[in-house]
Amino acid sequence: MSEHGTPASARVPAADETARIEGSGGKTAVDRRMRNPLRGAAGRNLGLVIALLLVCLVGFVTAGERFASFDNLMTILRLAAVLGVISIGMTFVITGGGIDLSVGSVIGLSSVWASTLATQTMANDFHWSVMVFTALAVGLGAGVVNGVLIAYGRVVAFIATLAMMVAARGLAEMIANRQTQVVRVPAFSDVFRLAPLGIPMLVWIFAVVAVVGWVLLNRTTFGRRTVAVGGNPEAARLAGINVKRHTMYLYALSGLAAGIGGVMMLGRTTAGSSTNGLYYELDAIAAVVVGGTLLAGGRGTIVGTVLGVLIFTTLTNVFTQNNLSISAQAVAKGVIIVVAVILQQRIAERSRAVT
Amino acid sequence: MVTDDRSTDRPILQMRGIVKQFPGARALDGVDLEVRAGEVHCLLGQNGAGKSTLIKVLAGAHQPDEGQILLDGSPVTIAHPVAGLKLGVATMYQELDVVDGLSVAENLYLGHELASGGFTQRRAATQRTREILRRLGHPDISPHREVGSLSAAGKQIVSMGRALSHDARVIVMDEPSAVLDSEEVANLFRVVRELTSQGVAVVYISHRLEEIRQIGDRITVLKDGRTVAGGLPAASTPTAELIRLMTGRTVEYAIPRRPPVAADAPTVLKVEGLSLRGEFTDVSFDVRAGEVVGLAGLVGSGRSEILETVFGARRATTGTVGVDGRAVRAGSVGAAVRAGIGLCPEERKSQGLLLDEPVYRNITLSTFARTANASFLDEPTERRTAREQIEALDLRPSDPDRTARTLSGGNQQKVLLARWLVHGCRVLLLDEPTRGVDVGARAEIYGIVAQLTAQGVAVVVVSSEIEEVLGLSDRVLVLSEGRVVHTGPASAIDEHRVLDLVMEGSAA
Amino acid sequence: MSAPLRRRWLAVAGTAAALALVVGCTSNTPEDTSDDSTGAAPVAAGSGNDEPGDTVTIGFSAPAADHGWMGAITKSAVAEAEKYSDVELVQAEATNDVNLQISQIEQFINDGVDAIVLLPFDGAALTEVATQAMQAGIVVVNVDREFDDPNAARTTVLGDNYGMGVSAGHYICEQLGGTAGAKVAEIAGIDSLPLTQDRSRGFSDALGECGLEVSNRVAADFTVQGGEAAAANLLQAAPELDAIWNHDDDQGVGVLAAIENAGRDEFFMVGGAGSKNVMDAIKADNTVLKATVIYPSTQAADGIKLARLLVQGKSMSDLVEVEVPRTIQLYAPVVTKENVDRYLPTAFES
C-alpha cells in the first residue's frame, strides 16, 4: 500500500516541512495514515472496480433480471470460490517474486488423495474432517516440496513448480487410476450443502480465506517480509531477513491454498478426480496479474486479486447467460489480460518518472 | 595541465535560456551553457539541479519549452536522439547503453549499420571499429569480442567508440568514472585528452571535485534548474566557492575532526584469520568502540568481500568474527544482525533498498519484526521511529511515505544509515558510503559517522576514494589482491604511499 | 489465454472422454427403424409427437468440442432443436472444467428452464448439481457419461462400448472365415479409461467365439499423432497381419498415414466411432479400411427430443409404454461398403 509522493510535496522546503510536522503535532501523521490506504486502494483498484461494473452492466443489459438476481450472484461466487482461494495463495508467491505453476495439479492431487477408499473409510469411521485434513496435508506437503527445491535446492521457481505440476497430476492419476472417486461420506457432503445466512459454504470459505489473506499481507510481519523478499531479495537478506526460509513458507502457503481448493472441489463435485483443477494455475496467475500484483514481485494486492477473479468469473457468467461460446470468452479474457498489464506498466512508469 | 592552445575560444555549442517544464515541476528554468571546441567542460550541480534533464535536452530525448541551442553558431532543433547524433552530439549515459549480446563492432554501428543492398558490410565495420579503438588508445580490444564479456571500463570505451563512429564533435559523459577504479579512471582521462586534442568537446559530469580539477578546463554550475555560474576556470576556482554555488550554503567540505579513540576503549569487533577462497586470505583486525578502521585497495582487492563476509552474507572458508568477545555464527546474516553488526552495502539500489516501498518501511526493514505485536505490524511506531530518524539525519524530502526510488543518492544512503541507527548496532560496516552522493550530502554523512563513533559504535569503511578512507579512519588496512599488505594509523600514511603499497603487493 | 491451451492439452483426455460418449443412435432418420435391440428407440415421424406443443426451454451443456465426435454431439443437438418451433435451446458450451460446468447447470436452475440435457465432463462430479435440478422440478436427461446416482436424471441415453467391440469382433470373424492362426491387431484408445477396457473386452469376447485372439495390441490417445505413432510401432512389430481394429476414427487418420508410410496392404482395417472421412473411404473402397463400428454422435440430439417429449408429457409412440423409458442404450452397428449410404447422413466430421 505504498503511496507515491507527489511532486508538489517533494518541493516543500525541508525547514517548512519540519515546522509543519512540529506545529500540527500528530495530526498530520494521523491525517496521512487515514488518507493513504483509502487513496492508495481506491487509486489502484478503481480501474478494476470500473471493469467489474462494466462487465456487470453488460450482463444486466443483455440478461436483465436473470443476471441481477441473488441466485445468479451466488452462482458467480460459487464458481469464483475455488479459483479465488488459490489465487490468494498465488498472490503471496508472486508478490514474493516467485511463481507457482503447480496449484492446479495440487487441487487434483489433494482432491484425489482425500477421496480414496481408505481415506473415505476413515472419514466414515472417525469424522468427516479426516478428508479435509488429508487434502490440506497433501497441499501443504506439495508446497513444502516446491519451497525446499526453490529456496534451498536453488531450482528456478518456474522449473520446480512445472515439475510439480506434471508430477502431481501424474500421481493423482496413479492414485485414482484415472477414475472418478465418488465421495460417499454423507457428513462431508452435507457440510458443503449448508448455506449459513443463505450464502453457500464455498463462498464463506472464499470470504474467510480472502480476509485472512488480506490481514496476512497487509498487517503482519509475514506480509512485510513477502513484499521485501519480492521487491529486493538481496536488500531483504542484508537487512537480516531469512529470505530462504520465507521463500519456503510462501510456496507452502500456496500449496495449502491449493489443498483448500481441493477440499472445495471435492465438496462442490462430490467426486475426486485427477482432472480437477486442470489449468487453474493459468487462470490464477491471470487473475493475480490483472488484479495489479506485479509479476516481478514486490507489490501485491489481495483486493485486486479478488476483483480480478470476480471479473473473470462474472465475464464467464455473462457469456453463458448470452449463449456465447467459451472460445469468444477466451479471446475476451486475453484482451483483458493484455490491457491490464499495459495499464500496470504505464502506472509503474509514471511513478518512476517522479524523480 | 590545462594548456590554452588545446581549446580555442570558438564556442562549438551554445545553449541559451533553456526551460523545460514537466507536469508539476520546472526541471530547467533558464540554463545557459557554452562549450568550446577541444575543451573539457564540467557540469556541476547537486542531484536534482537539472543536469540529467539538460543532457537529455542536448541529446534530443527531451524538447525544451523555451531557449535556443546553437551548434557552430547556427541555431538547431534536436528533435530526437538520432538527429542529435547526426548533428555530432553524442551522449554516454550513466547506465551504459551497450548491448551485451552483440560484438564490439556491432555495438559501434548499432542503428547505423554499414550496409549495402540490405546486407551488413561486416568487414568494413570491423575495419573502422579497429581504427576507432586505436584512436581511443585501446587496440587491445577486438572488434569481434562480445561486449558482455568486457569490464565496465571496456564497455565505456565501446560507448565512446560509438560516439566517434558518428563523428561526434560534442560528447556528453554522465558520471563516467562512477563505475571505474582509479587505474581505469586514469585511462579514461588519457582517452578524454586524446579526444580533446583532436578538437572534440567533452561535457563532463561528475560529483568528484578532485577529478574535475584534474581533467576539466572550465566549469558551469547548475542549481535548481538555473545556471548560477558559467565558464569558471577548473583549476583555480576554490572548492569552498564551488560548494557554495552548488548548495547555496557554505558547507565544511573537510571531514570533521574526531577526538582520538580513548586508550581504554574496549575492542568491539574482532576478525581473526578470515579467508574466503578466491577472494581474500588471512585477514585479521580489531575495531575498538568509537574507532573507524578503513580498508583501502583497488576494485578486486577483496575489500567489499571482506565486509560481506564479516556480515555473514558470504560464508568464510576459515576464520572467525567476534563481537564484544562473543563469536558470531559464520555465514548467517541473521546471526550477524543479532550480534549487532550492520552493513550499508556498496550497491544501494540493488542491495540495500526496496525502491518502490515508502521510506519509512525501508528504514524499519531490520526492525519491523521487533516492533510488531505477535506478528501484527505496529505501523504507527514504525512511522514515528522513521520520522525521528528523518529529522535527526535531515533526510530530504522529509515525507516518510515517499518511495525510496525518488530520493537522491545521498538521501538513499541516509535511509540505510537510519535503518541501522534504529536497529542500534555495535558495528557498522560502510561500503562506499559516498558513491553517487553529492557534495552537500557527503559532508552530512561524514558527520553521521562522527556522531556514531562518539556513541561508541565501531565502524569499518571501504571506499575507492583513498582520500576518503584516510580522512575518515583512525587506522587503515591496505589490501592488495586479497591480502593485507599494511596496517597502521591513517595519519601516518598518504594516498601515494597507499598506491605504492598496493602496487608492491600485487608485484609480490 | 488459458482456454486455447487448455483445449489442446485436454485433447487427450477429452478425446478419451469423447469416445466414452460414442452412442449409436441412428434414430433421427425416419427410414431407420431398427428394432432389433433394446436400446434403439426411433421416434417415428408423423406419429403426432412432432406436432408443435407448449414451448419447452431446454438447457444444453456438453464438454469442449476438442474431438470430432464431441463437436458433432453439440452440432447435432442444436440442429435437432432447430427443427422444433416449440423448443427453445439455451446452449452453454462448457469447457472440460467440471467447476464451470456445474456453474452452468446452476445458471439453468436459476433461469428455471424446463429441461436440461447434460453430457457431463465427469458423470460423478455433476451428479450433485443434477440432483438439485431434479429437485427443482427440472427434467434432466443424462447423455453418454452416466451419473453416479440414477435419481439425478429422469432418462439416460447411453452408447454401447462393449457392443462396439463385439460388433467389430464379429465382423472380423466373418471376414476371416475362421482362418486358423489369423493375426488380428488392436489399436486401442487411452488404455486406462473404462470405455477402452469395455471395448477391448467386447472385441476379445467376440473373437473368442470364432477361435481367434488379439495377437498384437497397442494403445494410442485418441489423437491423430498418437494414432500414427502407435500404428507405426505396431506395424514394425508385426510384419504380417490379417486384420486391425482401431477404436477411434479420429486417431484413425494417423493410423492410416502410418499404414501408407509402411506401404502395407496385406490386411483390412475396421474403424470405430463412425466419422464421415472414414465412411467416405469405405464407400470409395480404395484403402485397407473396409468397415467401421458406430458409436453414435447423435445421442445428445436424441436427448433433446426426449427432453421435449418428457416436458410435454408425451410418450414414445412406437412403444406401448406410456412413459419415456429410464435408460436408452444405443446400438453399435457395423458400417460396410454395402450399407454405408444409410449411415453417411449421421456421420460426424472429424
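No lab work stands behind these numbers, since they all come straight from the coordinates. Only a predicted model underlies this, so the values are computations on that prediction, with no experimental measurement involved. In this analysis, Cβ positions are derived from the backbone assuming ideal geometry, glycine residues included, and neighbour counts consider all displayed protein chains.
Residues within the reach of a label modelled at A:E234 (point 7 angstrom out along Cα to beta-carbon, backbone nitrogen below 20 Å), restricted to region B:77-107, are B:94-101.
What FRET efficiency comes out for the pair B:R326/A:V144, r = Cβ-Cβ distance, R0 = 41 Å, nearest 0.05?
Numbers: r = 34 Å, r/R0 = 0.83.
It comes to 0.75.
For C:K183, a cut-off of 18 angstrom between C-alpha atoms picks up these aspartates and glutamates, skipping any fewer than 8 places away in its own chain: C:E174, C:D205, C:E209, C:E213, C:E240, C:D242, C:D265, C:E266.
Is the C-alpha gyration tensor of region A:64-352 telling us rounded, prolate or oblate? Criteria: a/c under 1.5 is rounded; beyond that, a/b larger than b/c is prolate, otherwise oblate.
Values: a/c = 1.74, a/b = 1.17, b/c = 1.49.
The shape class here is oblate.
All other residues with a Cβ under 13 Å from the Cβ of C:A219 taken together, and with Lys, Arg as +1 and Asp, Glu as -1, what is their net charge?
On the way: positive: A:R178, C:R199, C:R217; negative: C:E186, C:D191, C:D221, C:D248.
Within the 13 Å Cβ shell, the charges total -1.
Estimated from the Cβ-Cβ distance and a Förster radius of 60 angstrom, the FRET efficiency linking C:A180 and C:T327 is about 0.90.
Could you give the length gained by full extension between A:R184 and A:R346, i.e. 0.36 nm per residue of separation minus their alpha carbon distance, to one decimal place? Walk me through the intermediate numbers first.
On the way: separation 162, 0.36 × 162 = 58.32 nm, distance 5.23 nm.
Result for the pair: 53.1 nm of gain on full extension.
The stretch between C:S215 and C:E338 holds 41.4 nm of extra length on full extension. This uses 0.36 nm per residue minus the Cα-Cα distance.
Computed from label points 7 Å out along Cα-Cβ, the spacing between A:L117 and C:Q225 is 3.7 nm.
Among the listed pairs A:K333/C:K276; B:K20/B:K86; A:K333/B:K56; A:K333/B:K349; A:K244/B:K270; C:K314/C:K337, a Cα-Cα separation exceeding 30 Å is found for A:K333/C:K276; A:K333/B:K56; A:K333/B:K349; C:K314/C:K337. Could you give the longest part of chain C that holds none of the GluC sites (Glu not before Pro) found in DSSP loops with at most 13 neighbouring Cβ atoms within 10 Å? No qualifying site falls inside C:32-212, the longest such stretch. Ordered by the number of other Cβ atoms lying within 10 Å of each residue's own Cβ, fewest first, C:S103, B:S197 fall into the sequence B:S197, C:S103. The eigenvalues of the Cα gyration tensor, multiplied by 5 and square-rooted, give region A:212-312 an equivalent ellipsoid with semi-axes of 28, 16, 12 Å from largest to smallest.
Loop-located trypsin sites (Lys or Arg not before Pro) in region B:140-248 (DSSP state not H, G, I, E or B) with no more than 10 neighbouring Cβ atoms inside 10 Å do not occur. Overall shape: prolate for the protein assembly as shown, with the ratio a/c of the largest to smallest alpha carbon gyration tensor axis at 1.5 or above and a/b above b/c. Cα gyration tensor of region C:161-294, axes a ≥ b ≥ c as square roots of the eigenvalues: rounded (a/c below 1.5), prolate (a/b > b/c) or oblate? Rounded is the answer for region C:161-294, as its axis ratio a/c remains below 1.5. Restricting attention to chain B, close to 60% of DSSP beta bridges with both partner residues there are antiparallel. Between B:S149 and B:L70, the distance separating the two model label sites (each 7 Å from Cα on the Cα→Cβ line) works out to 4.9 nm. Each residue of region A:127-141 was assigned a 3J(HN,Hα) from its phi angle through the Karplus curve 6.51 cos²θ - 1.76 cosθ + 1.60 (θ = phi - 60°); the sequence is 7, 4, 5, 3, 5, 4, 5, 4, 4, 5, 5, 5, x, 4, x Hz, with glycine and proline shown as x.
When a footprinting reagent is the concern and you count Cβ atoms within 10 Å, what order do A:F67, C:F268, C:F203 take, fewest first? Show your work: numbers first, answer last.
Working: A:F67 23, C:F268 18, C:F203 29.
Least to most surrounded, the residues fall as C:F268, A:F67, C:F203.
Be a star and scan region C:242-283 for residues whose amide nitrogen sits under 14 Å from the point 7 Å along the Cα-to-Cβ vector of C:Q197. Within reach of a label on C:Q197, which here means backbone N under 14 Å from a point 7 Å along Cα→Cβ, region C:242-283 contributes nothing.
Put a dot 7 Å past the Cα of B:A263, heading toward its Cβ, do the same for A:A137, and the two dots end up 7.0 nm apart. Amide H to amide H distances under 5 Å link C:N96 with C:A64, where only residues 5 or more positions off or on other chains count and H is placed in the peptide plane.
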